[in-house]
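The structure under discussion appears below in the form of structure tokens.
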Amino acid sequence: MIVVVLLILSIIFLLYGLAIKRIRSGTWFFMVWLLQGVGCFLLALMFFFHVWSYFPRVFNLILLIAFILLCIMLFVSLGFVLTGFYAGGEKNLPYIIVLGAQIYSHGPSVALRFRLDRAYAYLCENPDTICIVSGVQGSNEPFTEAYGMAEYLKEKGIEASRILLEDKSTNTVENIIFSKKLITGDGKVGIVTNEFHIFRSVKIAKSKGLQAVGIASKSLWFYKPNNVYREMLGVIKDFVKGNMK
């Protein structure tokens with residue numbers, strides 16, 4: 001039975017990873033799905049040929065304990081990630097920070113457009129709020145994410161005077177650190193990003209001294225397993241590195 005389950009998982013992981021690569025996910029995370037697919041296939045072969053019987057029991061026990069601990073960490077981080085899915089923020093925040101994502105010459109990626117549309121709606125409802133758009137120019141991007149985001153918002157009718165550009169950051173931690181330098185007052189701010197990214201972003205912002213609340217935008221259902229899984233690992237990584245308190 002376990003061999004069949006592993007083979008089914010192997011096929012699912014491989015097909016999903018290949019689909020993510022073909023549709024252009026903007027990152028190399030699709031490789032994780034491919035590696036998991038290959039790993040499940042190899043495990044299926046090991047169970048089928050009873051390879052585990054050739055190893056000492058203590059070795060198998062250590063592997064089993066390590067696997068259980070890994071699963072516990074992943075499930076805990078999943079629970080944390082899911083808590084941010086319906087974050088609605090607060091009214092009349094002095095600032096919001098829109099975190100960057102992939103941008104193309106023709107405009108924002110789908111994930112980034114969701115963030116910008118959510119920011120646009122908030123800015124329309126709260127006319128005194130200043131918007132900080134945050135993101136550097138990646139090697140596969142025509143200009144900085146901050147510039148592209150600002151242009152998108154201005155085209156939708158947001159005044160340029162309400163938009164501040166932070167164009168040096170390369171990751172979420174830097175998004176927060178560099179954007180903080182543009183904020184005056186008590187540091188109260190809304191973090192606008194896709195729902196799967198809210199928990200980690202807000203925790204990082206709070207750890208850097210901001211009074212942060214999340215403002216969640218949507219994401220495409222097809223990418224959601226990929227994005228949530230990536231974020232689960234991100235939560236573990238930033239917790240270990242001390243970026244979240």
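Checking every one of the GluC sites (Glu not before Pro) in the stretch 120-219 against DSSP loop status and a limit of 14 other Cβ atoms within 10 Å picks out GLU159.
Can you sort HIS50, HIS106, HIS197 by solvent-accessible area, 1.4 Å probe, largest first? Display every interim value, and only then the final one.
On the way: HIS50 125, HIS106 155, HIS197 15 Å².
Ranking HIS50, HIS106, HIS197 by accessible area, largest first, yields HIS106, HIS50, HIS197.
Report in % the part of the accessible area of the chain that belongs to carbon and sulfur, leaving out ligands and nucleic acids; probe 1.4 Å. Walk me through the intermediate numbers first.
Details: 9140 of 13570 Å².
The C+S portion of the solvent-accessible surface of the chain is 67 percent.
Taken along the Cα-to-beta-carbon direction at a fixed 7 Å, the label points for LYS208 and MET1 span 4.9 nm.
Determine the per residue accessible area of the stretch 120-245 with all protein chains present and a 1.4 angstrom probe, expressed in square angstrom. List each step's numbers first, then the result.
Numbers: 5830 Å² over 126 residues.
For the stretch 120-245, the solvent-accessible area averages 46 Å² per residue.
Across the stretch 174-245, the relative contact order, built from alpha-carbon pairs under 8 Å that are at least six residues apart, equals 33 percent.
How high is the relative contact order of the stretch 1-78? Use alpha-carbon pairs under 8 Å, at least six apart in sequence, and give a whole percent.
Dividing the mean separation by the residue count of the stretch 1-78 yields 34 percent.
Taking a Cβ cut-off of under 13 Å around THR170, the surrounding Lys, Arg, Asp and Glu residues balance to a net charge of -4, with basic ones at +1 and acidic ones at -1. Taking all protein chains together and a 1.4 Å probe, the residues MET149, MET31, MET232 rank MET31, MET232, MET149 from largest to smallest accessible area. In this simple spin-label approximation, ILE65 and LEU82 carry label points 7 Å from Cα along the Cα→Cβ vector, and these lie 2.9 nm apart.
Restricting to the chain, compute how many DSSP beta bridges are antiparallel as a %, nearest 5. Each step should come with its number before you reach the end.
Details: 3 of 23 bridges.
So the antiparallel bridges in the chain amount to around 15 percent.
Qualifying chymotrypsin sites (Phe, Trp or Tyr not before Pro) in the stretch 1-55, where qualification requires a DSSP coil assignment and no more than 15 other C-beta atoms within 10 Å, comprise TRP28, PHE49.
The Cα atoms of the stretch 184-238 define a convex hull whose projected area, averaged across directions, is 3.8 nm². Shown are ASP128, ASP186, ASP117, whose ranking by accessible area with a 1.4 Å probe and every protein chain present, most to least, is ASP128, ASP186, ASP117. Across all directions, the shadow cast by the convex hull of the stretch 20-65 built on its C-alpha atoms averages 4.3 square nanometres. Roughly what % of Cα-Cα distances in the stretch 96-197 sit above 20 Å, to the whole percent? Within the stretch 96-197, distances greater than 20 Å cover 29 percent of Cα pairs. Between 0 and 90 degrees, the angle of helix 145-155 with respect to the longest Cα principal axis of the chain falls at about 50 degrees. The loop-placed chymotrypsin sites (Phe, Trp or Tyr not before Pro) in the stretch 99-191, going by DSSP, that have at most 14 neighbouring Cβ atoms within 10 Å of their Cβ come out as PHE143.
Using C-alpha pairs under 8 Å with a sequence gap of at least 6, the mean separation divided by the residue count of the chain gives a relative contact order of 20 percent.
A 23 angstrom limit on the alpha carbon distance is what I want to check against. Which of LYS154/LYS208; LYS91/LYS206; LYS21/LYS203; LYS208/LYS241; LYS156/LYS188; LYS154/LYS203 exceed it? Write out the running numbers ahead of the final one.
On the way: LYS154/LYS208 29 Å; LYS91/LYS206 19 Å; LYS21/LYS203 30 Å; LYS208/LYS241 14 Å; LYS156/LYS188 25 Å; LYS154/LYS203 29 Å.
Correct reply: LYS154/LYS208; LYS21/LYS203; LYS156/LYS188; LYS154/LYS203.
Using the Cα atoms of the chain to build a convex hull, what is its mean projected area in square nanometres?
Details: hull surface 58.8 nm².
Approximately 14.7 nm², given one-decimal rounding.
The values are calculated or read from the model by the stated rules, or taken from the named source; none is laboratory data. If you're wondering where the values come from, they're calculated on a predicted model, not measured in any experiment. For neighbour counting, all protein chains shown are included, and Cβ atoms are generated from backbone atoms with ideal geometry for every residue, glycine included. Calculation scope for accessible area: heavy atoms of the full protein, side chains included, ligands and nucleic acids excluded. Shrake-Rupley method; radii C 1.70, N 1.55, O 1.52, S 1.80 Å.
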